[in-house]
């Protein structure tokens, strides 16, 4: 790609980091100056933008969490005057809106991918890692990531450690989740409000060596995923995940409804606090939550 000397990237963290990496690579060897827009950095940033390096060294100034800065007049004026010939500036953040964004050479927003777009991100990451993008692998990756692209990248890195090994779908699920096996049956029973089945699956997982802490984390993620699925449907967006999982989540999310899902999440937050303060063990928190499902359904 042609090198740009000023850019603003915002949106999905993984896609933003990849765009930034490509832009920096196009510049060639440079000294990186990293600043944070939500910390005091005005004087340092202005000094970098207004002066040539004493030794003529080329610089790439990267301002992370730049959201608070892009509306500042002083930054717009500095960019209007032009960058020093040895400097490049990159602004990255969550949602960059302001006059400074209009002054850079390249401004790009990266929406968080869902549906097919998320599968394509997974496919690309697998290709870069030299791993085959089999359909069931893509399904597992998308589900294990919970729609979080940074977590998706970490799961691919985890799979890359097993490169060359022959892993069944069950083996892959254990790699992507935890040693006790994938918690699908338990999470499905919880989402369906089936207490008897949920208790049986919970007992099976824990007796099989599953980490209670990891399972609690997966439970929180499942409730959040149900809420996200409802929100995506209401907003006319494609929910994250393979089609079969999206259908199942929609069924469960509609059964509970947004208000009761929010209450479930609040309950999990209270139990998490009890665990962290030593009032409950993670295993006890799981059993309490599961047993109290009828009163929340």
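The values are calculated or read from the model by the stated rules, or taken from the named source; none is laboratory data. Just so we're clear, the structure is a prediction, and the values are computed from it rather than from any experiment. Heads up, the Cβs are rebuilt from the backbone with ideal geometry, glycines too, and the neighbour counts pull from every protein chain shown.
Side notes on the structure shown:
- For residue 268, the test of being touching a helix residue (DSSP H, G or I) at 6+ places or on another chain (Cβ under 6 Å), free of Cβ contacts under 8 Å to residues at least 40 places away in the same chain, under 18 Å from residue 213 (Cβ atoms) and assigned by TED's automatic domain parsing to the domain that holds residue 195 is failed.
- The set of residues from the stretch 206-224 being within 19 Å of residue 142 (Cβ to Cβ) and touching a helix residue (DSSP H, G or I) at 6+ places or on another chain (Cβ under 6 Å) comprises 220, 222, 223.
- Here is the figure for the stretch 85-128: residues that are more than 28 Å from residue 149 (Cα to Cα) and surrounded by fewer than 15 Cβ atoms within 10 Å (Cβ to Cβ) total 1.
- Filter result for residue 34 (surrounded by 16 or more Cβ atoms within 10 Å (Cβ to Cβ) and either within 29 Å of the chain's Cα centre (by Cα) or over 30 Å from residue 145 (Cα atoms) (or both)): no
- Residue in the stretch 137-156 that is within 25 Å of residue 245 (Cβ to Cβ), touching a residue at least 60 places away in the same chain (Cβ under 8 Å) and out of contact with any helix residue (DSSP H, G or I) (no Cβ under 7 Å at 6 or more places or on another chain) present: yes
- Residue within the stretch 49-61 that is surrounded by fewer than 17 Cβ atoms within 10 Å (Cβ to Cβ) and under 24 Å from the mean Cα position of the chain (by Cα) present: no
- When residue 255 is tested against (1) in a helix (DSSP H, G or I); (2) over 25 Å from the mean Cα position of the chain (by Cα); (3) over 27 Å from residue 118 (Cα atoms), exactly one condition is not met: (3).
- Single match in 78, 25 (criterion: in contact with a helix residue (DSSP H, G or I) (Cβ under 6 Å, 6 or more places away or on another chain), in a helix (DSSP H, G or I) and either modelled with pLDDT of 90 or more or surrounded by fewer than 13 Cβ atoms within 10 Å (Cβ to Cβ) (or both)): 78
- Inter-residue pairs, beta-carbon under 7 Å, first assigned by TED's automatic domain parsing to the domain that holds residue 33 and on the phi > 0 side of the Ramachandran plot and in the stretch 55-73, second surrounded by 18 or more Cβ atoms within 10 Å (Cβ to Cβ) and in a strand (DSSP E or B), 6+ apart: 65/93
- Any chance residue 99 is at pLDDT 90 or above and closer than 21 Å to residue 121 by Cβ: no
- Checked across the stretch 133-151, the condition of being modelled with pLDDT of 90 or more, farther than 27 Å from residue 204 by Cα and more than 17 Å from the chain's Cα centre (by Cα) holds for no residue.
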